[in-house]
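Participant: Just dropping this structure here.
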Amino acid sequence: DETKEASLNITTNELNNLNISVTGVPNATIPLNESMPLPLKRNRRLLDPDYVPIGPMYWDAKAFHRSYMEMEKQFKVFVYREGEPPVFHDGPCKSIYSMEGNFIYQMDVNTKFRTNDPEKAHVFYLPFSVAKMVQFVYLRESRDFGPIRRTVIDYVNVVSEKYPYWNRSLGADHFMLACHDWGPEASFSNPYLGKNSIRALCNANTSEKFNPVKDVSIPEMNLRTGKLTGLVGGPSASRRPILAFFAGGVHGPIRPILLEHWEGKDDEIKVHKYLPKGINYYEMMRSSKYCLCPSGYEVASPRIVEALYNGCVPVLISKSYVPPFSDVLRWKSFSVVVS
């Protein structure tokens, strides 16, 4: 019985055959603990559907893998066709709320999980974008959340009157996805949507009634170009001169305290309100061992995922935040969690 670990072993000869180029220099030497992706040769065993992921970052890798493989075979989503862009079937793809638009787009173009037969669906997607509602429905400076609330109420009423699926489960097999701070508030426009339905939220804050039993914490990404190009990789920890780094707006109760303690007071801990001119944010992450991720007014922040992509250990300083996929991932194995 060959161990699964064996499929991850790479011999010295195999490394020599990779012909890796670093910054345009062929066959440059790369330390084995670098976090940049290596162009590994395709290993038949790594592509084996029976391969089980291993490592301490999973609560139960085998159980997760079995569940995942079953999902790949069976899981189907029905997307309601009602509603017109830009509020429905559309969303931002190049902003801090890019997960909303990217998910809607993927559901449109990727037919792997989508079904046109609602009788075959396991879940039903309500394809509205809270970020687009804020842009096109909300009246700026009005402080009136009513138009957004009515939009959600009207949409649920339309699909519940036209189809039998909402009423048969009172929304329990329906889901919405939102990365805007107002996503939780929008979900409570309809009591069954907030209480029964699956809410996929970047703003996964239990103090704002995020329910880990039924809701899903979604990673937030600020995709300025719409792609991940240039965001993944970085040097090993031994080549990162900065111990900890943070730069961001000063809002909420935690960040002012962080700045009071550290701003301009320690060469190893770089804490800024805003980065000085000419300094690249992602380069600072790649030069840091730990990336501080303090909550602002809301818990959602793209810097948590950006830190992981840049090989920087995220330090989550928040109250009531449920990290993404925490039912599968053991976050304390690759992050620091501070009350």
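Participant: Given the residues D144, D173, which is the only one that is more than 17 Å from the chain's Cα centre (by Cα), open to solvent by 50 Å² or more (accessible area, probe 1.4 Å), not assigned by the TED database to the domain that holds Y281 and not basic (K, R)?
Facilitator: Matching residue, one of D144, D173: D144.
Participant: Before we move on, is E268 acidic (D, E), free of Cβ contacts under 8 Å to residues at least 12 places away in the same chain and either in contact with a helix residue (DSSP H, G or I) (Cβ under 9 Å, 6 or more places away or on another chain) or more than 23 Å from C202 (Cβ to Cβ) (or both)?
Facilitator: Criteria not met by E268.
Participant: Would you pick out the residues in segment 213-234 that are over 24 Å from H180 (Cβ atoms) and crowded, with 18+ Cβ neighbours inside 10 Å?
Facilitator: The answer is G234, and nothing else.
Participant: I'd like the full set of residues that are charged (D, E, K, R) and either part of a loop (DSSP other than H, G, I, E, B) or surrounded by fewer than 18 Cβ atoms within 10 Å (Cβ to Cβ) (or both), limited to segment 290-317.
Facilitator: Within segment 290-317, E298 is the sole residue that qualifies.
Participant: Pairs under 7 Å by beta carbon, first residue not assigned by the TED database to the domain that holds S301 in segment 250-265, partner of a type outside the set (A, V, I, L, M, F, W, C), six or more apart or different chains?
Facilitator: none
Participant: So, one more: Taking segment 205-232 only, how many residues are out of contact with any helix residue (DSSP H, G or I) (no Cβ under 8 Å at 6 or more places or on another chain), modelled with pLDDT under 95 and small (G, A, S)?
Facilitator: Result for segment 205-232: 1.
Participant: I'd like to verify a number: residues in segment 83-102 that are in contact with a Leu (Cβ under 8 Å, 6 or more places away or on another chain) and surrounded by fewer than 20 Cβ atoms within 10 Å (Cβ to Cβ), how many?
Facilitator: Residues in segment 83-102 being in contact with a Leu (Cβ under 8 Å, 6 or more places away or on another chain) and surrounded by fewer than 20 Cβ atoms within 10 Å (Cβ to Cβ): 4 in total.
Participant: Here is a further query. Give the residues of segment 152-175 that are under 23 Å from N211 (Cβ atoms), touching a residue at least 24 places away in the same chain (Cβ under 8 Å) and not in a loop (DSSP other than H, G, I, E, B), sorted by residue number.
Facilitator: Once the filter is applied, which keeps residues that are under 23 Å from N211 (Cβ atoms), touching a residue at least 24 places away in the same chain (Cβ under 8 Å) and not in a loop (DSSP other than H, G, I, E, B), segment 152-175 yields V152, I153, Y155, V156, V159, Y165, W166, S169, H174, F175.
Participant: Among the numbered criteria (1) among the hydrophobic types (A, V, I, L, M, F, W, C); (2) within 27 Å of V305 (Cβ to Cβ); (3) touching a His at 6+ places or on another chain (Cβ under 7 Å), which single criterion is violated by F124?
Facilitator: Only one criterion in (1) among the hydrophobic types (A, V, I, L, M, F, W, C); (2) within 27 Å of V305 (Cβ to Cβ); (3) touching a His at 6+ places or on another chain (Cβ under 7 Å) is unmet by F124, namely (2).
Participant: Inspect segment 201-211 for any residue being touching a Gly at 6+ places or on another chain (Cβ under 7 Å), aromatic (F, W, Y) and within 30 Å of I153 (Cβ to Cβ) and give the result as yes or no.
Facilitator: No, segment 201-211 contains no residue that is touching a Gly at 6+ places or on another chain (Cβ under 7 Å), aromatic (F, W, Y) and within 30 Å of I153 (Cβ to Cβ).
Participant: On to the next question. When segment 244-288 is examined, which residues are found to be open to solvent by 70 Å² or more (accessible area, probe 1.4 Å) and closer than 23 Å to Y309 by Cβ?
Facilitator: E268, Y274, G278, I279, N280, E283 - these are the residues of segment 244-288 that are open to solvent by 70 Å² or more (accessible area, probe 1.4 Å) and closer than 23 Å to Y309 by Cβ.
The values are calculated or read from the model by the stated rules, or taken from the named source; none is laboratory data. Computed from a prediction, not measured in an experiment: that's the story for all the values here. Quick reminder, even Gly has a Cβ in these numbers, built from the backbone with ideal geometry, and neighbours come from all protein chains shown. In case anyone asks, the SASA skips ligands and DNA or RNA and just uses the protein heavy atoms, side chains included. Shrake-Rupley method; radii C 1.70, N 1.55, O 1.52, S 1.80 Å.
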